[in-house]
Amino acid sequence: MARVRVGLFVTCLVDLMRPRIGFAALKLLETAGCEVIVPESQTCCGQPAWNSGDAPGAVALAKKTIAEFEGFDYVVSPSGSCGDHIRTEYPTLLAAEPEWRDRATALASRTYELTDFLVTVLKVGSVPGDHEGSITYHDSCTGLRSMGIKQQPRALLATMKGVELREMNGCEECCGFGGTFSVKFGEVSAAIAERKCDNVLASGARAVVGGDLGCLLNIEGKLRRMGDENTKVLHVAEILAGDA
């Protein structure tokens, strides 16, 4: 029986800021039996351009991504935010061009966030990681509200005997990042981030874990500015793969 062919959409932030998340995602997918391909020409999904009002730029990047990934059985990304942009926005972006709209819709139906793919499609019951310690989980806004990512990462973490999940207050509340929001509304973003970090610290967990690197960079930066040098900030893929 042929293995499932997965195109791994790494994301800009992972590629530039923490590549080990991409390698952790690769490890998880290959351990689950997938044939994983990482198209070298991939760049951005176009979400920052779309959110900033650059529709032509967003359309160009959408077409580029579709052409690079439509040959795979599935597209998987370690980001609910980028995964949602491909799944939800591409058909809308390309609605005026029937051929591209249909290609976008077809790709959207095969696009998943990493933990959702592992749980929903592959029915994974164990992971290669052996992390030890207490963690608290931050639910990223887009992954939670648009992609329905909530129980999937927790179900995978629950298979790890050494992991103790300590849910923080406000785990579903925004961390203040919001992409360009944190740049346009810096003071508001900082206040939201401080509230999130207060909740992280109050949980008593040794690490805060999430599924979107943008959120994690924002949380880590605020924790360090608040004087906390001990709390680890990790992507869920790093924990699950044992690469933390």
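Remarks
- Comparison of A60, A95, A104 shows that the only residue that is loosely packed, with under 15 Cβ neighbours inside 10 Å, part of a helix (DSSP H, G or I), modelled with pLDDT of 95 or more and among the aliphatic types (A, V, I, L, M) is A60.
- Residue match in region 1-12 (condition: touching a residue at least 60 places away in the same chain (Cβ under 8 Å), buried (at least 22 other Cβ atoms within 10 Å of the Cβ) and either assigned to a helix (DSSP H, G or I) or more than 18 Å from the chain's Cα centre (by Cα) (or both)): no
- Inter-residue pairs, beta-carbon under 7 Å, first at negative phi and in region 121-133, second open to solvent by less than 40 Å² (accessible area, probe 1.4 Å) and of a type in the set (V, I, T), 6+ apart: G129/I239; H131/V163; H131/I239
- Residue selection: Q42 fails the criterion of being closer than 23 Å to R101 by Cα and touching a His at 6+ places or on another chain (Cβ under 7 Å).
- Close pairs (6 angstrom Cβ cut-off, 6 or more residues apart or separate chains): without any contact (Cβ under 8 Å) to a residue 40 or more places away in the chain in region 82-93, among the hydrophobic types (A, V, I, L, M, F, W, C) and open to solvent by less than 50 Å² (accessible area, probe 1.4 Å) anywhere: Y90/A62; Y90/A104; Y90/A108; P91/A104; P91/A108
- Taken over region 30-48, the criterion of being part of a helix (DSSP H, G or I) and touching a residue at least 60 places away in the same chain (Cβ under 8 Å) is satisfied by T31, Q47, P48.
- When region 19-51 is filtered for residues that are open to solvent by less than 20 Å² (accessible area, probe 1.4 Å) and either on the phi > 0 side of the Ramachandran plot or within 15 Å of the chain's Cα centre (by Cα) (or both), the ones remaining, listed by number, are I21, G22, A24, A25, L28, L29, C45, G46.
- Some residue of region 64-73 being among the acidic types (D, E) and open to solvent by less than 60 Å² (accessible area, probe 1.4 Å): yes
- For region 107-120, the tally of residues that are assigned to a helix (DSSP H, G or I) and closer than 18 Å to L144 by Cα stands at 8.
- Count of residues meeting criterion [open to solvent by less than 50 Å² (accessible area, probe 1.4 Å) and either among the basic types (K, R) or more than 15 Å from P78 (Cβ to Cβ) (or both)] in region 107-120: 2
- Pairs, first farther than 13 Å from A95 by Cα and touching a residue at least 60 places away in the same chain (Cβ under 8 Å) in region 51-64, second part of a loop (DSSP other than H, G, I, E, B) and of a type outside the set (A, V, I, L, M), C-beta under 8 Å, six or more apart: N51/G179; N51/T180; S52/T180
- Flag for S203 being crowded, with 23+ Cβ neighbours inside 10 Å and either of a type in the set (K, R) or touching a residue at least 40 places away in the same chain (Cβ under 8 Å) (or both): no
- For region 169-199, the set of residues classified as buried (at least 20 other Cβ atoms within 10 Å of the Cβ) and touching a residue at least 40 places away in the same chain (Cβ under 8 Å) consists of C175, G176, F177, K196, listed by residue number.
- Pair list, Cβ under 7 Å, 6 or more apart: region 224-236 residue closer than 24 Å to G80 by Cβ and modelled with pLDDT of 95 or more, other residue assigned to a helix (DSSP H, G or I) and β-branched (V, I, T): T231/V200; V233/I219; H235/I21; V236/T115
The values are calculated or read from the model by the stated rules, or taken from the named source; none is laboratory data. Note that the structure is a prediction, hence the values are computed from the model and not measured. Ideal geometry is used to build each Cβ from the backbone, glycine not excepted, and the neighbour counts take in all protein chains shown. Note: areas computed on protein heavy atoms with side chains; ligands, DNA, RNA excluded. Shrake-Rupley method; radii C 1.70, N 1.55, O 1.52, S 1.80 Å.
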